[in-house]
Amino acid sequence: MIGGIVLAAGLSTRFPGKLFKEVGGRPVLLRVIDSFKMAAIDKTVVVANHVNASLLPAGVETIINDRPEQGMIYSIKMGLSRLIDADAVVISPGDHPLITSSDIDLLVANRGDGKDLVVLTHGGRIGHPILIGRPLFPEVMLLSNEAGGLKKLLEMHALTKVESPNPGILVDIDTAADLELANSLLKTNTHRR
């Protein structure tokens, strides 16, 4: 089984409400969830704070993070706890609206045989989402923000890097300018979802 974790518990202090701003006429977070639903993912969970969870449509499996100030790694651990029996999990922040189901499927297709940490790149830069295989789950559960969080995991293990043709894997929404950029990229790449 391949699990999916979408992270939506952050406080969005730089750009309040960013996950529900629209890119291509669809809220940022729902675009990410849609990509997971259309990909080779067996079960997806969204780890969200109370406000974001209350705005999600019915049918989205949600885990409430009551402690978003604990940071992203805390949310990842919450999602991983729900998917601990998975062979691998694909993880994405909810503010990357231009990732596609093809990006997720590319990660899944490149896992296995010691390839337990698969990342997408575009132009040599690592983007989102990423895939973590089951052999690394115990290590993920021991990570902390103070010790470097997920970046520490990426530094400690060999990465399987897979080039994506999608520049959208590098685009996250932190400002109004980022939102403009995402909408602009979407218009110039109309073949992408």
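A few remarks follow.
- Among (1) within 17 Å of Gly94 (Cβ to Cβ); (2) exposed (fewer than 15 other Cβ atoms within 10 Å of the Cβ); (3) in contact with a strand residue (DSSP E or B) (Cβ under 7 Å, 6 or more places away or on another chain) - the single one Glu163 does not satisfy: (1)
- Residue match in the range 180-187 (condition: in a helix (DSSP H, G or I), surrounded by 19 or more Cβ atoms within 10 Å (Cβ to Cβ) and in contact with a strand residue (DSSP E or B) (Cβ under 7 Å, 6 or more places away or on another chain)): yes
- Failed condition for Glu146, given (1) free of Cβ contacts under 8 Å to residues at least 12 places away in the same chain; (2) in a strand (DSSP E or B); (3) not polar (S, T, N, Q): (2)
- Taken over the range 149-164, residues that are in a loop (DSSP other than H, G, I, E, B) and either modelled with pLDDT of 95 or more or touching a Cys at 6+ places or on another chain (Cβ under 6 Å) (or both) amount to 2.
- Verdict on Leu11 being among the aliphatic types (A, V, I, L, M), more than 14 Å from the chain's Cα centre (by Cα) and within 23 Å of Ala177 (Cβ to Cβ): yes
- Tabulated pairs, the range 24-49, first at positive phi and in contact (Cβ under 8 Å) with a residue 24 or more places away in the chain, second open to solvent by 20 Å² or more (accessible area, probe 1.4 Å) and part of a loop (DSSP other than H, G, I, E, B), C-beta under 8 angstrom, 6+ apart or interchain: none
- Here the condition is being open to solvent by less than 10 Å² (accessible area, probe 1.4 Å) and in a loop (DSSP other than H, G, I, E, B); of Ile173, Ile130, it holds for Ile173 alone.
- Selection within the range 102-120 - open to solvent by 10 Å² or more (accessible area, probe 1.4 Å) and not acidic (Asp, Glu): Ser102, Leu106, Val108, Ala109, Asn110, Arg111, Gly112, Gly114, Lys115
- Annotation note: of Pro93, Pro68, the sole residue that is touching an Asp or Glu at 6+ places or on another chain (Cβ under 8 Å) and either at pLDDT below 95 or within 23 Å of Leu136 (Cα to Cα) (or both) is Pro93.
- Pairs, first farther than 21 Å from Val119 by Cα in the range 167-182, second open to solvent by 60 Å² or more (accessible area, probe 1.4 Å) and in a loop (DSSP other than H, G, I, E, B), C-beta under 7 Å, six or more apart: Asp174/Arg14; Thr175/Arg14; Leu179/Lys21
- Taking strands (runs of 3 or more DSSP E) as the structural unit, those lying wholly within the range 1-101 and holding at least 3 residues that are closer than 24 Å to Val119 by Cβ and open to solvent by less than 60 Å² (accessible area, probe 1.4 Å) correspond to 2-8, 43-48, 88-93.
- Beta carbons closer than 6 Å, at least 6 apart along the sequence or on distinct chains, pair a first residue in the range 98-111 that is among the aliphatic types (A, V, I, L, M) with a second that is surrounded by fewer than 18 Cβ atoms within 10 Å (Cβ to Cβ) for Leu106/Val162; Val108/Ala40.
- Yes/no for Glu139 being within 29 Å of Glu69 (Cβ to Cβ), out of contact with any strand residue (DSSP E or B) (no Cβ under 6 Å at 6 or more places or on another chain) and either not charged (D, E, K, R) or not in a loop (DSSP other than H, G, I, E, B) (or both): yes
- Total residues in the range 1-47, condition among the basic types (Lys, Arg) and within 13 Å of His96 (Cα to Cα): 4
The values are calculated or read from the model by the stated rules, or taken from the named source; none is laboratory data. Being a predicted model, the structure only gives us computed values, none of them experimental. Because the Cβ atoms are built from the backbone with ideal geometry, glycine has one as well, and the counts that use them run over all protein chains shown. Surface accessibility is based on the protein's heavy atoms, side chains included, excluding ligands, DNA and RNA. Shrake-Rupley method; radii C 1.70, N 1.55, O 1.52, S 1.80 Å.
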